[in-house]
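Beneath this line is the structure, given in structure tokens, with notes to follow.
Read the figures in this text as sums done on the coordinates, not as results from a lab. In this text, all values refer to a predicted model and were calculated from it rather than measured experimentally. Methodologically, a virtual Cβ is constructed for each residue, glycine included, from the backbone with ideal geometry; neighbour enumeration extends over all protein chains shown.
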Amino acid sequence: MQYELQMLKNLLLKAYTTLTKPDPLLENLPNLDIAHITATSFYRQARKRENVSFCTSLYELDRLIEDKSTQDDKATLKEIQAKLPLCYYSYKDVFLKAASNILPLHRLYNY
């Protein structure tokens, strides 16, 4: 059973890597090991020179994600404008990722 699960995992991983293109921005990232530790453990780890400590907040993470999504939207809008025929330019907002994240209003005839 364990062997079959490992083979399935390898097969799915191979299929995933062949279907997705690697993002060049994600290739040279450092290896991070993030953990929640006690004060004593933190003190021990802080004394080691190879460890780096930092603090962040959900607000900062949300801002980074928002900045990235606006950059992606600008690039996507340029790509849409390049490929979209002129007669459909008034509908270009429909093709944006942000528009696809919003569900339409519920109606009685919606199933």
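Counting only Cα, what are the radius of gyration and maximum Cα-Cα distance Dmax of segment 56-103, in Å?
Cα radius of gyration and Dmax of segment 56-103 are 13.7, 47 Å respectively.
What nm distance separates the two modelled labels at Val94 and Lys78, each placed 7 Å from Cα along Cα→Cβ?
A separation of 2.5 nm, rounded to one decimal place.
Which one, Leu77, Leu103, Leu64, is farthest towards the positive end of the dipole of segment 56-103 when Lys and Arg carry +1 and Asp and Glu -1 on their Cβ?
Among Leu77, Leu103, Leu64, the one farthest towards the positive end of the dipole of segment 56-103 is Leu77.
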